[in-house]
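See structure below.
The values are calculated or read from the model by the stated rules, or taken from the named source; none is laboratory data. Values in this document were obtained by computation on a predicted structure and should not be read as measured data. Here the Cβ is made from the backbone with ideal geometry for all residues, glycine too, and neighbour counts use every protein chain on show. To get the accessible areas, we keep the full protein, side chains included, count just its heavy atoms, and leave off ligands, DNA and RNA. Shrake-Rupley method; radii C 1.70, N 1.55, O 1.52, S 1.80 Å.
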Number of protein chains: 2
Amino acid sequence: MHFISVAHLLGLLLMFLAAAMLLPLPFSLYYGAEDYWALITSAGITFFFGFLIHRLTAFKRDLRAREGFAVVTFGWIIFSLFGGLPFLLSGSISSFTDAYFETMSGFTTTGATILTNIEQLPHGILFWRSLTHWIGGMGIIVLSLAILPFLGVGGMQLFKAEVPGPVADKLTPRVTETAKILWSVYVLISAAEAILLMMGGMSLFEALTHTFGTMATGGYSTRNASIGAYNSAYIHYVIIFFMVVAGSNFSLHYRFLRGDFWAYFRNKEFRYFLAIIGIATLIIGLDTFFNQYSRNFAKTLQMTLFQVVSIVTTTGYGTADFEQWSFSSQFVLLVLMFIGGCAGSTGGGMKVVRIYLLIKFMFGEITRLIHPHAVVPVRLNNAPVPKEVATNVLGFFVLSILVYILAVFTMATMGLDMATSFGAVAATLWNIGPGLGDVGPTDNYAHIPIIGKWLLSLLMLMGRLEVYTVIVLLSPAYWRK
Amino acid sequence: MHFISVAHLLGLLLMFLAAAMLLPLPFSLYYGAEDYWALITSAGITFFFGFLIHRLTAFKRDLRAREGFAVVTFGWIIFSLFGGLPFLLSGSISSFTDAYFETMSGFTTTGATILTNIEQLPHGILFWRSLTHWIGGMGIIVLSLAILPFLGVGGMQLFKAEVPGPVADKLTPRVTETAKILWSVYVLISAAEAILLMMGGMSLFEALTHTFGTMATGGYSTRNASIGAYNSAYIHYVIIFFMVVAGSNFSLHYRFLRGDFWAYFRNKEFRYFLAIIGIATLIIGLDTFFNQYSRNFAKTLQMTLFQVVSIVTTTGYGTADFEQWSFSSQFVLLVLMFIGGCAGSTGGGMKVVRIYLLIKFMFGEITRLIHPHAVVPVRLNNAPVPKEVATNVLGFFVLSILVYILAVFTMATMGLDMATSFGAVAATLWNIGPGLGDVGPTDNYAHIPIIGKWLLSLLMLMGRLEVYTVIVLLSPAYWRK
């Protein structure tokens with residue numbers, strides 16, 4: 001492990017973070033400037049430490065897998081540390097734990113909040129809060145499409161074979177190019193959403209903050225009632241559309257923008273993603289049509305589709321208090337939390353393609369019971385999936401379930417009830433935000449005990465980095481020479 | 001698929017079942033004989049159909065895997081059909097669905113009941129109810145140790161390599177011998193338990209029925225308060241001991257009885273089984289010591305150990321209302337339900353050895369992230385586990401989770417709440433009996449809707465036959481030529 005190089009890179013990233021902290025300034029000034037100094041001071045402190053670390057260290061040699069894991073994991077941890085400064089210095093959040101939780105929730109695009117009254121925060125701080133989503137979301141795309149495949153992490157290798165487009169194999173100049181392409185796509189789609197939201201009557205401030213929450217599949221709103229505060233079907237459907245976009249593989253968007261209009265529908269994962277949204281909307285829609293929305297078809301469709309898309313893409317925006325829905329509908333949402341978006345999107349969860357491979361693998365095993373000597377390779381888009389990828393997906397599944405069980409148990413020992421424990425762990429480990437029970441869509445995480453908040457922060461990080469990355473850092477083999 | 005041979009075997013099995021129905025007669029006569037005719041008539045009807053089917057068919061050729069699956073699955077289904085006759089004819093249970101549920105629960109050694117007042121039933125019927133456990137338990141041992149490995153099902157192949165003792169590879173005369181040995185061990189241990197229970201003050205009737213419930217890890221009692229009705233620490237500890245015995249691999253018992261006294265402790269699965277019991281007792285004990293049993297050490301140990309062993313062995317006997325325990329303790333019980341007993345025992349659940357292999361496999365995947373070219377074979381008791389067995393265990397895990405999710409959703413659509421849905425599915429799919437919520441230790445399954453009862457009956461069958469066996473019968477590939 002070459003700590004000097006890792007620190008060198010982290011210092012550089014901190015200087016970028018400091019620059020980002022200045023972006024909310026125009027809004028701060030326009031809306032009264034109460035948080036002006038908090039933002040500038042935070043940026044100053046962050047830049048100072050970044051500069052210091054960067055100068056005292058040096059980049060000595062090429063990154064290997066080990067250093068890659070460390071940069072990624074510590075990067076997210078340190079970003080959440082410094083990123084919480086504006087909250088603390090402006091007095092918006094008084095406890096260090098809460099500020100860390102809120103910032104980690106932002107950068108990991110989770111959207112779980114400890115704030116009880118969001119609307120009383122100054123506008124610069126609110127802009128910064130939503131901006132952490134957007135920065136995190138951008139980081140994830142680059143991470144998952146350009147860097148993780150190189151590190152050999154997770155099912156991410158899957159679409160390396162799949163997508164001949166902008167996916168690089170090595171940390172060569174080609175990765176820089178890939179990152180540029182993806183960032184451009186991300187900025188372009190974000191701009192489109194912000195413009196469409198402004199056409200629906202939102203101010204620039206509201207349009208940008210909600211675009212950040214959508215495109216990163218984050219979920220932070222500037223309103224206490226989340227998207228439910230906007231009584232406009234147009235705005236709801238615009239956000240639904242862009243949540244689906246954000247939950248899809250970004251390399252498909254790139255190919256689409258390059259003129260390959262059928263890229264989406266040749267992609268099996270995307271087709272299943274749409275099918276899952278359709279089926280879940282149908283199941284919950286039938287239930288809520290009769291029991292919640294007074295047999296109003298348009299309202300049922302809008303409310304159900306919004307909530308299904310918001311949960312399966314792991315955004316977490318709310319327009320309905322789904323805790324009023326029947327347990328069967330809530331259970332469908334819980335399953336959607338596990339599934340998550342597509343690989344290479346900003347969404348969390350297991351990812352659709354992994355679920356698909358798990359089920360294919362399982363059917364292969366059933367076939368082998370009948371024909372013991374049959375060789376049943378798992379295939380995806382007409383190509384066989386390499387054995388290592390298949391076992392990696394299985395390992396990821398087992399590991400996720402294990403982490404889930406241990407985390408629920410730990411939350412339960414703090415006195416939380418069944419729905420809250422199951423919900424809080426699912427909502428943070430899969431980067432959704434609102435859960436069930438006492439952390440449901442109309443509640444927040446303020447009342448969770450301090451140790452619980454740190455555990456949930458760790459789960460958000462694990463979820464964001466596909467569990468393995470964090471676990472690897474905790475394994476003795478990693479630290480051995 | 002050779003239906004004639006399958007039917008021929010099923011006819012033979014039905015004639016055995018008819019004979020078994022006569023075993024409760026002495027108790028019926030001794031305690032007032034009110035259910036005398038119900039038992040004789042049921043035996044008569046069962047024998048008639050068995051004889052008829054057997055005579056009209058013939059055994060044309062050797063069993064292959066396909067026919068094996070069919071005999072096993074249809075055998076359990078038909079046994080539950082005819083085995084319910086005494087309940088219906090004696091008027092103890094009036095609905096056909098309930099009688100089927102109760103009998104399937106008996107033969108699969110689940111122990112879930114639809115009866116609200118057990119003590120009002122005539123003694124012959126109660127004896128028959130408990131006897132279904134014992135017959136089912138016997139069937140399972142033979143199935144899992146002698147027949148399933150031949151069919152290539154599940155992790156059962158694991159200890160084929162493990163246990164050089166009484167495990168056969170083919171349906172040859174050697175299987176008959178294996179079956180005889182195992183049945184002898186089963187009868188011998190059962191006799192020992194019955195004698196020890198009688199020494200604790202139980203009547204022959206009580207001792208036998210509770211022995212049936214213990215040795216089969218079934219859980220039917222003749223008392224409404226289950227084992228809680230016996231205010232004797234001696235009886236509780238005798239039953240704890242034999243639940244552990246019943247949850248262990250029976251081939252280890254055989255080797256022990258042959259003089260190999262260290263057989264247990266050379267076996268990794270058994271050591272982990274004991275460790276799981278110890279850790280769970282410690283966790284729950286600490287919680288209940290302060291919150292439930294007024295800091296009474298002896299009572300805490302007895303109550304906690306009993307409940308932990310009862311759940312992890314999937315017996316389901318109760319001495320405490322664990323719904324009064326905290327959610328964290330209940331969650332530990334829920335996890336124990338999933339784990340279950342050892343392979344080759346009468347217990348249900350995933351089985352300890354499978355959980356062990358899943359975790360080993362997962363750690364292997366983590367090592368491979370750091371050393372991508374490392375070959376990390378999964379090992380058990382110092383021998384590498386064959387690749388097919390490892391993927392089979394993984395497939396079993398994925399399949400189980402999938403069945404679990406679908407079943408919980410279906411139960412939820414019937415209006416059951418979260419705890420009841422999660423608990424009922426876990427308690428039947430893993431053959432435990434009592435669940436959580438409205439099917440908890442002080443409740444029963446009487447209030448579950450009819451469709452729910454049939455679904456839970458199917459889950460009991462799936463759990464008993466290690467899920468795959470039933471799923472295989474439902475797959476198109478099975479029925480293709």
(message) Just to confirm my numbers, what's the Cα centroid distance between region A:428-456 and region A:96-114 in Å?
(response) 10 Å
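For region B:1-142, what is the charge dipole size about the Cα centre, in debye to the nearest 20, if Lys and Arg each add +1 at the Cβ and Asp and Glu each add -1 at the Cβ?
Values: 6 positive and 7 negative charges, 132 e Å.
That gives region B:1-142 a dipole magnitude of about 640 debye.
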(message) If DNA, RNA and ligands are ignored and the probe is 1.4 Å, what is the ranking of B:Arg379, A:Arg368 by accessible area, most exposed first?
(response) B:Arg379, A:Arg368
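A:Ala275: net charge of surrounding residues, Cβ under 12 Å, Lys/Arg +1, Asp/Glu -1, itself excluded?
Working: positive: A:Lys268, A:Arg271; negative: A:Glu269.
Value of the local net charge: +1.
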(request) Can you send over the solvent-accessible area of A:His2, 1.4 Å probe, protein chains only, in Å² to the nearest 10? (result) 40 Å²
(request) Quick one: which residues, 5 or more positions from B:Arg379 or on another chain, have an amide H under 5 Å from its amide H? H modelled 1.01 Å from N in the peptide plane, none for Pro or chain starts. (result) B:Val385
(request) Towards the positive end of the charge dipole of the protein assembly as shown, with charges on Cβ (+1 Lys, Arg; -1 Asp, Glu), say which of B:Leu461, A:Tyr220, B:Ile140 has the farthest Cα. (result) B:Ile140
(message) In Å², and per residue, what accessible area does region B:406-481 have when probed at 1.4 Å with the other protein chains present?
(response) 32 Å²
(request) Compute the FRET efficiency between B:Met414 and A:Phe241 as 1/(1 + (r/R0)^6), taking r as their Cβ-Cβ distance and R0 = 45 Å, and round to the nearest 0.05. (result) 0.80
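How large is the translational diffusion coefficient of region B:208-294 in µm² per second when you combine the Kirkwood radius over alpha carbon pairs with Stokes-Einstein at 25 °C and 0.890 mPa s? Please report the intermediate quantities before stating the final value.
Values: Rh = 15.0 Å.
In µm²/s, the coefficient is 164.
Determine the dipole magnitude for region A:234-315: charges of +1 sit on the beta-carbon of Lys and Arg, -1 on that of Asp and Glu, nothing else is charged, the reference point is the Cα centre, and the result goes in debye to the nearest 20.
On the way: 7 positive and 3 negative charges, 36 e Å.
It comes to approximately 180 debye.
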(request) At 24 Å minimum axial length over the Cα atoms and a Kyte-Doolittle cut of 0.5, report the qualifying DSSP H helices in chain B, or say none. (result) B:3-21, B:36-56, B:65-83, B:123-142, B:173-199, B:268-291, B:352-370, B:387-413
(message) Under a crude label model (7 Å from the Cα following the beta-carbon direction), how far is A:Ser184 from B:Ile40 in nanometres?
(response) 9.3 nm
(request) Using a 1.4 angstrom probe on heavy atoms only, work out the carbon and sulfur share of the accessible area of chain A in %. (result) 67 percent
(request) Using only Cα atoms, locate the centre of region A:403-419 and the centre of region B:394-416, then give the distance between them in Å, rounded to an integer. (result) 21 Å
(message) Of A:Phe270, A:Thr314, A:Met303, which is farthest towards the positive pole of region A:263-403's charge dipole, taken about the Cα centre with +1 and -1 on the beta-carbons of Lys, Arg and Asp, Glu respectively?
(response) A:Phe270
(request) Using the charge dipole of the protein assembly as shown (Lys, Arg: +1 at Cβ; Asp, Glu: -1 at Cβ; taken about the Cα centre), state which of B:Asn117, A:Ala233, B:Val408 has its Cα farthest towards the positive end. (result) B:Val408
(message) Run the simple label-point estimate for A:Ala58 and A:Asn381 please: 7 Å along Cα→C-beta, distance reported in nm.
(response) 4.4 nm
(request) Could you rank the peptides A:198-206, B:397-405, B:250-258, B:434-442 by their average count of other C-beta atoms within 10 Å per residue, with the highest value first? (result) B:434-442, B:250-258, B:397-405, A:198-206
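Report, in listed order, any pair from A:Lys351/B:Lys268; B:Lys180/B:Lys351; A:Lys299/A:Lys453; A:Lys453/B:Lys268; A:Lys360/B:Lys453 with a Cα-Cα distance greater than 28 Å. Don't jump to the answer; show the numbers that get you there.
Details: A:Lys351/B:Lys268 35 Å; B:Lys180/B:Lys351 24 Å; A:Lys299/A:Lys453 36 Å; A:Lys453/B:Lys268 37 Å; A:Lys360/B:Lys453 30 Å.
Listed pairs above 28 Å: A:Lys351/B:Lys268; A:Lys299/A:Lys453; A:Lys453/B:Lys268; A:Lys360/B:Lys453.
To the nearest 20 Debye, how big is the dipole of chain B about its Cα centre, given +1 on the beta carbon of each Lys and Arg and -1 on that of each Asp and Glu? Provide the component values of the computation, followed by the final result.
Working: 28 positive and 23 negative charges, 345 e Å.
In total the dipole reaches around 1660 debye.
Could you do me a favour and compute the accessible area per residue for region A:93-132, 1.4 Å probe, result in Å²?
Details: 940 Å² over 40 residues.
Counting only protein heavy atoms, the per-residue value for region A:93-132 is 23 Å².
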(message) So the label point goes 7 Å from the Cα of A:Tyr234 along Cα→C-beta, right? Which residues of region A:196-227 then have their backbone N under 19 Å from it?
(response) A:196-211, A:227
(request) Between copies, how far apart are the A:Gly32 label points? List them in nm, one decimal, shortest first, with each point 7 Å from Cα toward Cβ, please? (result) 8.0
(request) Quick one: with label points 7 Å out along Cα→Cβ, list the inter-copy distances for A:Pro449 in nm, shortest first? (result) 3.9
(request) Kindly write out, for region A:470-478 in residue order, the coupling ³J(HN,Hα) from the Karplus curve 6.51 cos²θ - 1.76 cosθ + 1.60 (θ = phi - 60°), rounded to whole Hz, with x marking Gly and Pro. (result) 6, 4, 4, 5, 8, 8, x, 4, 5
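Summing both sides, how much accessible area is buried between A and B? Use a 1.4 Å probe and give Å² to the nearest 100.
Working: alone 20000 and 19970 Å², together 35710 Å².
Result for this pair: about 4300 Å² buried.
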(request) Between B:Asn117 and B:Ala192, take the C-beta separation as r, use R0 = 45 Å, and let me know the FRET efficiency to the nearest 0.05. (result) 0.90
(request) Go through region B:388-435 and flag every residue whose accessible area shrinks by 50 Å² or more with all protein chains in place compared to the isolated chain (probe 1.4 Å). (result) B:Phe397, B:Val398, B:Phe409, B:Met418, B:Phe422
(request) Return the calculated 222 nm mean residue ellipticity for chain A, to the nearest 500 deg cm²/dmol, obtained by summing -39500 (n - 2.57) across DSSP H runs with n ≥ 4 and dividing by the residue count. (result) -21000 deg cm²/dmol
(request) Give me the distance in nm between label points sitting 7 Å out from Cα along the Cα-to-Cβ direction at B:Glu177 and B:Asp321, one decimal. (result) 5.5 nm
